[in-house]
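The values are calculated or read from the model by the stated rules, or taken from the named source; none is laboratory data. Model, not experiment: these values are computed from the prediction. A quick note on method: Cβ atoms are made from the backbone with ideal geometry, for glycine too, and the neighbour counts reach across all protein chains shown. When the accessible area is computed, the model is the full protein with side chains, heavy atoms only, and any ligands, DNA or RNA have been set aside. Shrake-Rupley method; radii C 1.70, N 1.55, O 1.52, S 1.80 Å.
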Amino acid sequence: MAFFILRRVGVMLLTSLCLTFIVFFLTNLEPNLEKLAKTQGNARMTDAEVTSWLDRNGYAQPMVLRYGEWLGVLPGWTREAEDGTVTGRCIHGTVTAETAPRFCGILQLDFGQSTVFREEVSSIIGTRLGLTGILMFWVMVVMVPSALIIGVLAGMREGSRTDRALSTFSIATTATPEYVSGVIFITVFASSAVGLKWFKGSAASAMDGVTFENFTLPVLTMALYGMGYIARMTRASMAEVMTAQYIRTARLKGVSFPNIVVKHALRNALIAPFTVIMLQFPWLLTGVVIVETLFNYKGFGWTLVQAASNNDIELLLSCSVVAVFVVLVTQLISDIGYVYLNPRIRMA
Amino acid sequence: MSSTNPGTGIHHAARMFATEHLAGQMSRREFLSRATALGVTSAAAYGLIGATPVQAQSERVVPPMGGTLRIEMQVLAQKDPRTYDFTQLYNALSGVLEPLVEVRRDGSFAGLLLESWEVNDDATEYVLNLRPNVAWNNGDAFTAEDVVANFAGWCDSSVEGNSMASRLAALTDETTGKIRDGAATIVDPLTVKLTLLTSDITIIPSITEYPAVVQHRDLIGTVPSDHFVGTGAYRMAEYVVGVGAVLEKNPDHPYWRDAYLDRIEFVDLGTDPAAVVAAAEAEDIDMNYDSVGEFVEIFTAIGWEPSEIATSSTVVIRTNQEAEVDGVKPYADVRVRRALALAVDNSVLLELGYAGLGIVANNQHVGPMHPEHAELPPFEPNPEEARRLLEEAGMLDYEHELISIDDDYRRNTTDAMAAQLRDAGIKVTRKIIPGTTFWNDWTKYPFSSTNWNGRPLAVQLLALAYRTGEAWNETAFSNAEFDETLAKAMAIADHDKRREHMRRLQEIMIEEGVVVQPYWRSLYRHVRPGVLNGERHQGDIVNVHYLGLAE
C-alpha cells in the first residue's frame, strides 16, 4: 500500500515537471513575452521599449536558466541599475536586496509573483481555489445524490417507462453544453426578457456570501451537465447487477423488491459510479472555466483564463501544478476507495 | 501677463472667441473649451457670452451626503500613472489621485489642484496658480515642488510607455529626453511657471488627460496601488485586479472640497456586455461603464437612465504606406489609398458598424467638435473612380488583407468596409485578431482598423497620429508639407488663423488618402434611476468625488 502511494506520488511529480516545462516553454515564446511586456508596460510601446523592458525584468536570459530559477534549483537573477538600485527575481514586496534569499522557486515553496494581479501567486491560488471549492461543493451536493437516484431508479427495471423517461432526461442534460444551458437559464430565470426573475444571472455577489438567489443558476448549470453522465453510468451498472444470479435468488426467496434494491443491489452497483464521481473532480476544476466566466464568479477557472490571456507565466505554471495535483490525488482516492468497495481487488 | 486685460483678467483671445460664438461661428462647447484653456474660469466664460452662471452649474447637481455606489468597470493592474493606457486605471483611483485640471462635459477646462492659470499671447509662458490648503493624505502639504516634480516625471521619455513625454514635447529637451532646464520653475510655494521654447497651445489640454494625475513629489514613478498616497477624499479599502476595488471616504484626511458618497465599489465583470446586463438585472451594480451598440437599447429597456455624449472618439481604417506584403509595398501608391477611400460610403459603415450611433466623418480625422475645424465639401464615394484608379495603378487584381480586432463595433465596421470594397469589385480577405494579441503589432499591419480616443484639439490628434516618425504613426505617413503646416498650426492660439492651416492639413489628408475615417462615435452609459452625476464623459473620466445617490 505504502509503495503504491509512493509510486503514485512519484508519477505526480514527474507529470508536474513535464507539464510545467511545456507550459513554461509555451508562455516564454518570444511573441508571448512581447505581449507580456506590453500588458505590463504600455499597450502601445515601441519594439525598443519592449526589449529594454524584457531585459530589465529578467526575461532576456535563456529559457532553461529561467525554468531552473522557477524550480528553485538555480539562484534567482539580480540586476543593478545605473542608479545603484538592485532588482531581482527574489526581490519583491517587503523583501529587500539584502534580505532576499539566493534561491526562490517552488522547491523553496515560493510560487512567485503574478504579473496580472500584482500579488503573490500562492495567495491568489489560495483565495480562488477556495471560491471554486465552494462552488464544487454545492455542485457535488446537488449532482451526486440526484444522479445516483435517477440512475438507480432507471436501472432497477431496465426498459420500463421510468427508465425510458429518466434516460432521455439524462442524455438531454449531458448533451447540452454548459454555455448553452447557462445562457438559457439566465434568459429564462433571470432576465426581464421572460420576466420570471427568480434568480440572479450574475454570481458576482456570491463571492461575499452564497445565497439561494445568486448561486442556484451556476450550480444548476454545472450539476445538470455532470448529472446525466453519472446517472447513465449508474443505470448501466445497476441494470447489470439486477440481472445477476444472486438477485434472482433473493427474489425467488421472496425478498421484497425495495429490500433487494437497497440491501443487495446498491453496494455492488455503486462501484462503477464511484470512479466516475472521483473523475468529476478534475473535470469540475476545468469545467468551472465556462461557468465562472459566464456567471462572473471569480474562482480558479476564471483565474486560469486571466492568467492564460495575459500570459502570466508564474500564475499559469502554478495553476497547472494545482491541476496535476488534483487529478492525481482524486485518482489515488478513487483507487484506494475501490479496494474498500470491492474486496476482490487487491493492491499490487 | 501681457495678454490679460488688467481690469478683468480675461485673455483677449477669449473675448474674440465670444464674439464668434455669438455670431454663430462656433458652438458653445467649442467656445468654452477654447476660452477656459486660456485660463478664463468657466463662470466668466459663460458671462462673456451672456449665459448665466446658473447654466454653468446646471451640468451637475449637488447630491445628498452618504451612500454606497457600485460601478461596473474593469479593474486593471495598476502601474506608474505616466504609462496608463486605459482610462479605467485612472478612474479606479480618481478618489485618491487628482489631476491639475479637468475637462468638463461641456468641454470647458476647470482647475482641480490648480486654482487658475494664465497664458501669454503666443502661448510660450504659462503661470500656474496652485490651489491653497490642499494636503496629501500622508499629512504633507501640496506645493509647487510637487507640480515641478510631476512635470519632470511626465517629460522623462526614458520611461517605457510614458505617453506624457510626447504630449509635453514643448517642455522636453530633445538631446537628454528629460525636462529642459528652466522649463518648469517654482515662483513661490503656490506658483509654477512653465517656459516653452516654441508656442504650444496644447499644454493645458494635455495635463487634463488621464495619465496626468499628480503624484506626491517623492513618489514619482511609483505604482499608486503600493501606497495610495494622494490628495483625494477617499482611501482604497481593497484593490483586487480583475475582481473589484473599494474606495471609502477617508475620515483622517481633510479634503479641499465636498465629496458625497461614503463608499464606491468598482465591480469587474469582464468585457462581455451581456454579463453587465445580467448584473444590472440582478441589481448587483448601479452604473455601467460603457453601453455599446445594441446594448444602448437593452439597458434603456430594463429601466436604466441613459446618458450620451458626442465625441471625437473614432475608428480609422488605415493603410501602412511602408508595409511590405510579399516584397511589394502595396500602399505606397497614393492611387491605391485614394481608391480604397472612394470605394466606401462612410454612412453605411456608421449604420452597420456602430448602429448609427454617431455622426458621419470625412476621412480627415478632424471634425466639427474641434474648434479649428475647417469646413470642406463632403467626401463623395465613387466606386467607378476607385476602380479606374486601381486599374491605372495596376492593382485591380491585388487581394487586400483587412485586419481588425475581435470585438463588437471595430470588427463590424471593418466587416462593412470589406463588404463595400467587394461590392466595388476589389478583392479583400478579412483577418480578425483577438484583443489580447492585436496591439502587439498594431502600427505595423499593412491594412487594418484602429480606434482613436478623442482629444480636445484637432492638432493634438494630427500630431500624435500623422506627424513623421511619431511612435503612434500607424500609417507611416511622412509628408514634409503636412509636418510644416502642422508645426505652424500648433503655434497659433487664434483658431481662425489656425483654421487656414487646418484647411490645408485636412486637404492633404484627403489628397493623400491617408485614412478612411467613417464616423465619430457617440458614447453612452446607463445608470440606475437615482444615481446622480454619473453622466458619460467624453474622455471616459469617472471622477468619484462628484457622484452621489438621490435620497
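Table for the structure above
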{"item": "The stretch B:64-73, subset surrounded by 20 or more Cβ atoms within 10 Å (Cβ to Cβ) and in a loop (DSSP other than H, G, I, E, B), residue farthest from the chain's Cα centre (by Cα)", "result": "B:G67"}
{"item": "Residues (open to solvent by 40 Å² or more (accessible area, probe 1.4 Å) and more than 9 Å from chain A (Cβ to nearest Cβ)) located in the stretch B:299-315", "result": "B:T300, B:E305, B:P306, B:E308, B:A310"}
{"item": "Search result, residues across the stretch A:13-36 that are over 18 Å from A:L315 (Cβ atoms) and either of a type in the set (S, T, N, Q) or in contact with a strand residue (DSSP E or B) (Cβ under 7 Å, 6 or more places away or on another chain) (or both)", "result": "A:T15"}
{"item": "Single match in B:Y90, B:Y126 (criterion: part of a helix (DSSP H, G or I) and either within 30 Å of B:A282 (Cβ to Cβ) or open to solvent by less than 10 Å² (accessible area, probe 1.4 Å) (or both))", "result": "B:Y90"}
{"item": "Residue satisfying all of: in the stretch B:427-457; in contact (Cβ under 8 Å) with a residue 24 or more places away in the chain and β-branched (V, I, T); surrounded by the most Cβ atoms within 10 Å (Cβ to Cβ) among these", "result": "B:T450"}
{"item": "Criterion violated by A:F215 - all others in (1) modelled with pLDDT under 90; (2) within 29 Å of the chain's Cα centre (by Cα) satisfied", "result": "(1)"}
{"item": "Residue list for the stretch B:211-250, restricted to those being within 21 Å of B:E145 (Cβ to Cβ) and among the polar types (S, T, N, Q)", "result": "B:Q215, B:T222, B:T231"}
{"item": "Qualifying residue in the stretch A:324-331 (condition: more than 14 Å from every other protein chain (Cβ to nearest Cβ), open to solvent by 40 Å² or more (accessible area, probe 1.4 Å) and not in a helix (DSSP H, G or I))", "result": "no"}
{"item": "The listed residue being within 30 Å of B:P368 (Cβ to Cβ) and assigned to a loop (DSSP other than H, G, I, E, B), out of B:Y260, B:Y289, B:Y255", "result": "B:Y289"}
{"item": "Filter result for A:L252 (out of contact with any strand residue (DSSP E or B) (no Cβ under 9 Å at 6 or more places or on another chain), of a type in the set (A, V, I, L, M, F, W, C) and in contact (Cβ under 8 Å) with a residue 60 or more places away in the chain)", "result": "no"}
{"item": "Single unsatisfied condition, A:T94 versus (1) within 27 Å of B:M164 (Cα to Cα); (2) in a loop (DSSP other than H, G, I, E, B); (3) within 14 Å of chain B (Cβ to nearest Cβ); (4) not acidic (D, E)", "result": "(1)"}
{"item": "Condition check for B:T231: of a type in the set (S, T, N, Q), surrounded by fewer than 19 Cβ atoms within 10 Å (Cβ to Cβ) and more than 10 Å from every other protein chain (Cβ to nearest Cβ)", "result": "no"}
{"item": "Meets criteria (of a type in the set (S, T, N, Q) and either at pLDDT 95 or above or within 30 Å of B:G469 (Cα to Cα) (or both)) for B:T300", "result": "no"}
{"item": "Subset of the stretch A:91-132 that is basic (K, R) and open to solvent by 30 Å² or more (accessible area, probe 1.4 Å) - its residue that is farthest from A:L316 (Cα to Cα)", "result": "A:R102"}
{"item": "The stretch B:273-292, subset open to solvent by 10 Å² or more (accessible area, probe 1.4 Å) and of a type outside the set (A, V, I, L, M), residue farthest from the other protein chains (Cβ to nearest Cβ)", "result": "B:D290"}
{"item": "Meets criteria (within 14 Å of chain B (Cβ to nearest Cβ), outside any loop (DSSP other than H, G, I, E, B) and more than 23 Å from B:P224 (Cβ to Cβ)) for A:G133", "result": "no"}
{"item": "Residues satisfying the stated conditions in the stretch A:190-234, i.e. without any contact (Cβ under 8 Å) to a residue 12 or more places away in the chain, of a type in the set (A, V, I, L, M) and more than 10 Å from chain B (Cβ to nearest Cβ)", "result": "A:V194, A:L196"}
{"item": "Which numbered condition B:S404 fails, given (1) free of Cβ contacts under 8 Å to residues at least 40 places away in the same chain; (2) within 21 Å of B:T450 (Cβ to Cβ); (3) small (G, A, S)", "result": "(1)"}
{"item": "Members of the stretch A:133-151 found to be crowded, with 22+ Cβ neighbours inside 10 Å and within 21 Å of the chain's Cα centre (by Cα), listed by number", "result": "A:L135, A:M136, A:V139, A:M143, A:A147"}
{"item": "First in the stretch A:162-189 and open to solvent by less than 80 Å² (accessible area, probe 1.4 Å), second anywhere and outside any helix (DSSP H, G or I) and of a type outside the set (D, E, K, R), Cβ under 6 Å, 6 or more apart", "result": "A:I186/A:G201; A:T187/A:A193; A:V188/A:V194; A:F189/A:L196; A:F189/A:W198; A:F189/A:F199"}
{"item": "Members of the stretch A:31-90 found to be among the β-branched types (V, I, T) and either closer than 30 Å to B:I405 by Cα or loosely packed, with under 15 Cβ neighbours inside 10 Å (or both), listed by number", "result": "A:T39, A:T46, A:V50, A:T51, A:V64, A:V73, A:T85, A:V86"}
{"item": "Hey, B:D252 more than 14 Å from chain A (Cβ to nearest Cβ), in contact (Cβ under 8 Å) with a residue 60 or more places away in the chain and either at negative phi or open to solvent by less than 40 Å² (accessible area, probe 1.4 Å) (or both) or not", "result": "yes"}
{"item": "Where B:G356 falls short, out of the listed (1) open to solvent by 10 Å² or more (accessible area, probe 1.4 Å); (2) more than 14 Å from chain A (Cβ to nearest Cβ); (3) at pLDDT 90 or above; (4) not in a helix (DSSP H, G or I)", "result": "(3)"}
{"item": "In the stretch B:532-545, the residues that are β-branched (V, I, T) and either within 19 Å of B:S313 (Cβ to Cβ) or open to solvent by 10 Å² or more (accessible area, probe 1.4 Å) (or both)", "result": "B:I541, B:V542"}
{"item": "Residue count for the stretch A:275-303, restricted to those that are aromatic (F, W, Y), more than 14 Å from chain B (Cβ to nearest Cβ) and crowded, with 20+ Cβ neighbours inside 10 Å", "result": "0"}
{"item": "Extreme residue, surrounded by the fewest Cβ atoms within 10 Å (Cβ to Cβ), among residues of the stretch B:205-223 that are of a type in the set (V, I, T) and in contact with a strand residue (DSSP E or B) (Cβ under 6 Å, 6 or more places away or on another chain)", "result": "B:T208"}
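To keep it simple, each residue is scored yes or no on (1) more than 18 Å from B:F447 (Cβ to Cβ); (2) of a type in the set (D, E).
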| site | (1), (2) |
| --- | --- |
| B:L342 | no, no |
| B:N346 | no, no |
| B:L349 | no, no |
| B:A361 | yes, no |
| B:H365 | no, no |
| B:H370 | yes, no |
| B:L376 | yes, no |
| B:E380 | yes, yes |
| B:L390 | no, no |
